[in-house]
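Okay, structure first, notes after.
The values are calculated or read from the model by the stated rules, or taken from the named source; none is laboratory data. Only a predicted model underlies this, so the values are computations on that prediction, with no experimental measurement involved. When we count neighbours, we look across all protein chains shown, and the Cβ atoms used for this are built from the backbone with ideal geometry, even at glycine. Areas reflect the complete protein model, heavy atoms only, side chains present, ligands, DNA and RNA absent. Shrake-Rupley method; radii C 1.70, N 1.55, O 1.52, S 1.80 Å.
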There are 2 protein chains.
Amino acid sequence: MKLLKDKILKDGIVIEPNILKVDNFLNHQIDVSLMNEMGKEFARRFKNENINKIVTIEASGIAIAALTSQYFNNIPVVFAKKQASKITDDTSYFAEVFSFTKGISSTIRISKKYLNEEDRVLIIDDFLANGEAALGLASLIKESGATVIGVGIAIEKGFQDGRSKINAQGIKVESLAIIDKFEDGKVILK
Amino acid sequence: MKLLKDKILKDGIVIEPNILKVDNFLNHQIDVSLMNEMGKEFARRFKNENINKIVTIEASGIAIAALTSQYFNNIPVVFAKKQASKITDDTSYFAEVFSFTKGISSTIRISKKYLNEEDRVLIIDDFLANGEAALGLASLIKESGATVIGVGIAIEKGFQDGRSKINAQGIKVESLAIIDKFEDGKVILK
């Protein structure tokens with residue numbers, strides 16, 4: 001998606017060998033016009049799939065998911081909540097998600113009330129790298145009996161294996177910008 | 001706002017003497033159509049104020065803020081990040097926020113890059129009770145030299161003192177639904 005790629009090249013900052021900081025428009029300050037265009041593009045790529053629910057994870061996925069829903073007839077958005085402790089109860093579905101960036105594992109949770117067998121779910125998130133978050137979401141969505149139709153990502157680190165792990169489960173991945181590599185402190189997009 | 005009040009009475013659940021659970025449409029599952037109407041209503045109540053930025057706090061405020069921005073010409077939304085530790089650095093503004101619900105204090109943070117003296121800020125949040133979150137946001141926004149024009153709240157607990165504490169700083173509060181009291185396990189709205 002040209003608009004997002006141009007924005008990454010203009011405002012993205014490479015802060016460590018492999019870290020792209022996009023808090024200017026994606027995950028701290030939010031560019032609402034850009035996210036609307038991203039939502040339209042997700043809708044174009046997942047049309048005719050009869051998606052009836054969007055699932056994301058707090059906090060960075062929420063704005064993209066909420067604005068994207070508008071191009072899917074305002075279907076419900078559910079955001080998984082992160083919790084530090086592993087206390088579980090029988091009213092929620094749970095998954096463990098390991099963050100390589102932060103080096104810690106956390107538990108994510110969605111109430112059983114908001115997922116069911118009729119759901120055809122699009123997972124939305126800001127980044128895809130090793131796929132831990134998306135796979136955690138997919139596992140708890142499947143536990144509910146719902147179907148994961150696809151994963152829509154703003155920025156994918158194309159040199160990591162998240163996409164292949166998700167594809168291996170028969171789930172389609174659509175990313176709006178794919179990082180090919182980092183070179184001399186700059187990001188090279190595919 | 002009638003639409004929100006009706007939704008609270010229909011789908012809100014009182015789980016403890018003083019806790020209203022609205023995760024069906026506000027802070028776990030998101031009703032995007034309803035939030036768009038809330039955004040229109042905030043725009044109506046804060047028109048002619050030349051607001052040019054919306055600030056909220058992760059995670060529950062993000063969807064309301066992002067959708068509301070659309071009725072303010074897609075102005076930037078900035079969400080404050082919560083962090084467990086009190087590590088500070090000179091690239092961010094910080095505030096301490098005590099949560100009476102959770103019984104813990106947390107640090108919130110906004111990058112200095114995303115607040116400046118020209119900003120006329122509307123703070124948006126899902127709940128207002130004792131006002132800790134809104135006052136924390138207001139203090140770090142003021143530290144940047146920006147002006148806090150108002151606070152827009154989805155659901156206010158009218159029997160707590162958040163509104164009066166915010167008003168005491170000369171800041172206007174607009175809430176779309178105000179809880180008068182809880183009675184016999186039911187919520188009574190003003």
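At pLDDT 95 or above and touching a His at 6+ places or on another chain (Cβ under 9 Å): does that describe B:I141? Criteria not met by B:I141.
Conditions tested, residue by residue: (1) of a type in the set (V, I, T); (2) open to solvent by 50 Å² or more (accessible area, probe 1.4 Å).
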| residue | (1), (2) |
| --- | --- |
| B:L9 | no, yes |
| B:N24 | no, no |
| B:T56 | yes, no |
| B:A65 | no, no |
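If I ask for residues that are more than 16 Å from the chain's Cα centre (by Cα) and either among the charged types (D, E, K, R) or not in a helix (DSSP H, G or I) (or both), which ones from region A:57-75 would you list? If you could, list the steps in order and put the result at the bottom.
At the first step, the residues of region A:57-75 found to be more than 16 Å from the chain's Cα centre (by Cα) are A:70-75.
A:N73, A:N74, A:I75, listed by residue number.
Please state which of the following conditions B:K82 fails to meet, knowing it meets all the rest: (1) part of a strand (DSSP E or B); (2) in contact with a helix residue (DSSP H, G or I) (Cβ under 9 Å, 6 or more places away or on another chain). Failed condition: (2).
In the set B:V22, B:V55, only one residue is away from chain A (no Cβ under 12 Å) and either out of contact with any Cys (no Cβ under 9 Å at 6 or more places or on another chain) or among the small types (G, A, S) (or both); that residue is B:V22. Residues that are closer than 19 Å to B:F100 by Cβ and open to solvent by 40 Å² or more (accessible area, probe 1.4 Å) within region B:169-179 are absent altogether.
Selection of strands (runs of 3 or more DSSP E) fully inside region A:91-181 by the criterion of at least 3 residues being of a type outside the set (S, T, N, Q) and in contact (Cβ under 8 Å) with a residue 40 or more places away in the chain returns A:92-99, A:120-128, A:147-157.
Give me the residue from region B:138-163 that is in contact with a strand residue (DSSP E or B) (Cβ under 7 Å, 6 or more places away or on another chain) and charged (D, E, K, R) and, out of that set, nearest to B:A63 (Cα to Cα). Ranking the candidates gives B:E156 first. For region B:68-75, the criterion of a residue being more than 14 Å from chain A (Cβ to nearest Cβ), open to solvent by less than 10 Å² (accessible area, probe 1.4 Å) and not aromatic (F, W, Y) is satisfied by no position.
Of all residues in region B:14-37, none that is on the phi > 0 side of the Ramachandran plot and in a helix (DSSP H, G or I) has its Cβ atom under 8 Å from the Cβ atom of a residue that is open to solvent by less than 40 Å² (accessible area, probe 1.4 Å) and of a type outside the set (S, T, N, Q), 6 or more apart or on another chain. The conditions of being of a type in the set (V, I, T), over 16 Å from the mean Cα position of the chain (by Cα), at pLDDT 95 or above and farther than 19 Å from B:I179 by Cβ are met by B:V32. Of the residues making up region B:76-94, those that are open to solvent by 60 Å² or more (accessible area, probe 1.4 Å) and either within 12 Å of another protein chain (Cβ to nearest Cβ) or in contact with a strand residue (DSSP E or B) (Cβ under 7 Å, 6 or more places away or on another chain) (or both) are B:K82, B:A84, B:K86, B:T88, B:T91.
Within region B:103-115, restricting attention to residues that are of a type in the set (S, T, N, Q) and farther than 11 Å from B:V78 by Cβ, which residue is least open to solvent (accessible area, probe 1.4 Å)? Please lay out each step first, then the result.
Pass one, region B:103-115, residues of a type in the set (S, T, N, Q): B:105-107, B:111.
Pick out the ones that are also farther than 11 Å from B:V78 by Cβ and you get B:105-107.
On the way: B:S105: 60, B:S106: 29, B:T107: 4 Å².
Per the criteria, the residue is B:T107.
Looking only at region A:107-128, decide whether some residue is small (G, A, S) and either in contact with a Cys (Cβ under 7 Å, 6 or more places away or on another chain) or more than 18 Å from A:K82 (Cα to Cα) (or both). Full working, then the answer.
Filtering region A:107-128 for residues small (G, A, S) gives A:111.
Add one more test, that the residue is either in contact with a Cys (Cβ under 7 Å, 6 or more places away or on another chain) or more than 18 Å from A:K82 (Cα to Cα) (or both), and what stays is none.
For region A:107-128, residues small (G, A, S) and either in contact with a Cys (Cβ under 7 Å, 6 or more places away or on another chain) or more than 18 Å from A:K82 (Cα to Cα) (or both): absent.
As a summary of the residue check, B:V97 satisfies the conditions (1) at pLDDT 95 or above; (2) surrounded by 14 or more Cβ atoms within 10 Å (Cβ to Cβ); (3) more than 8 Å from chain A (Cβ to nearest Cβ); (4) within 18 Å of the chain's Cα centre (by Cα) except for the one numbered (1). Note on region B:146-177: residues that are within 11 Å of the chain's Cα centre (by Cα) and small (G, A, S) total 4. Selection of region B:67-92 for residues being hydroxyl-bearing (S, T, Y) and within 22 Å of B:I153 (Cβ to Cβ) yields B:T68, B:S69, B:Y71.
Considered as a group, the residues in region B:116-137 that are open to solvent by 30 Å² or more (accessible area, probe 1.4 Å) and under 18 Å from B:G158 (Cα atoms) include one that is farthest from the other protein chains (Cβ to nearest Cβ), and that residue is B:L135.
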